[in-house]
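Worksheet for the structure shown next.
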Amino acid sequence: MLGRGSPSKALRGGVPTRLLCQGNALPRRMTVEARVGMWKRHEVRVDGTPFQVRRLKGDWYAVDGPLPTLSGRVRYSAWKDVLRIERAEGLLEVHFGWWSAAFAWKGRTYRIRHSVWGRQRVYDGDRLVAEGRATFGGFRFDVLMEDLASVSRELAFGLALRAQIQTAMAVAVGAA
């Protein structure tokens with residue numbers, strides 16, 4: 001039986017704390033939600049604070065951040081199924097496959113595992129560093145470790161763009 005404060009007690013979203021806390025790193029209870037608007041403007045919310053997303057030339061988007069950090073650029077190519085993020089700290093490229101994807105950021109390699117119902121988990125080796133899900137209007141990270149906090153807004157918006165395109169393709173196939 002799990003008691004209060006037990007290391008195996010599940011956090012909101014069903015992720016056991018034990019899985020998140022390996023390696024002496026505590027989970028950052030940060031919620032990042034990205035919305036891709038068709039009639040409304042695009043935006044990313046970090047713990048309820050909105051950040052503007054602007055459309056740039058060449059299918060790029062600029063995701064604003066808090067003042068000490070600069071904005072990052074995001075581009076998703078549906079033909080290649082590649083998400084590209086450019087920040088002052090470096091370049092991040094996610095190449096998606098059927099059930100997983102991989103990317104390198106700040107000298108570490110991360111894997112994204114997809115589920116059928118839109119839930120996605122990001123791992124650094126065997127350590128879970130983020131978990132989120134596709135929503136009706138975009139993508140939401142429910143749990144996020146400090147490792148990916150600097151690129152969280154851009155990653156959430158890129159995953160929201162991908163979810164929007166996948167939904168549009170599923171509707172088009174279903175209508176045919």
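The values are calculated or read from the model by the stated rules, or taken from the named source; none is laboratory data. All values reported here derive from a predicted model rather than from experimental measurement. Backbone-built Cβ (ideal geometry, glycine too); neighbour counts: all protein chains shown.
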1 or more residues over 23 Å from residue 115 (Cα atoms) and at pLDDT 90 or above: qualifying strands (runs of 3 or more DSSP E) within segment 1-104: 43-46, 49-55, 61-63, 72-77, 82-87, 90-96
Selection from segment 105-142 of residues that are assigned to a strand (DSSP E or B), of a type in the set (Val, Ile, Thr) and out of contact with any helix residue (DSSP H, G or I) (no Cβ under 9 Å at 6 or more places or on another chain): 109
Conditions (1) without any contact (Cβ under 8 Å) to a residue 40 or more places away in the chain; (2) crowded, with 19+ Cβ neighbours inside 10 Å; (3) out of contact with any Phe, Trp or Tyr (no Cβ under 9 Å at 6 or more places or on another chain): number failed by residue 119: (2)
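Of all residues in segment 143-162 being in a helix (DSSP H, G or I) and touching a helix residue (DSSP H, G or I) at 6+ places or on another chain (Cβ under 9 Å), which is surrounded by the most Cβ atoms within 10 Å (Cβ to Cβ)? Outline the logic, then answer.
Step one: of segment 143-162, the residues in a helix (DSSP H, G or I) are 146-162.
Pick out the ones that are also touching a helix residue (DSSP H, G or I) at 6+ places or on another chain (Cβ under 9 Å) and you get 148, 155.
Details: 148: 23, 155: 31.
My answer is 155.
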Qualifying residue in segment 82-93 (condition: within 12 Å of the chain's Cα centre (by Cα) and either under 26 Å from residue 41 (Cα atoms) or free of Cβ contacts under 8 Å to residues at least 12 places away in the same chain (or both)): yes
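With the structure loaded, tell me whether residue 59 is over 15 Å from the mean Cα position of the chain (by Cα) and of a type in the set (Asp, Glu) or whether it fails that test.
It is true that residue 59 is over 15 Å from the mean Cα position of the chain (by Cα) and of a type in the set (Asp, Glu).
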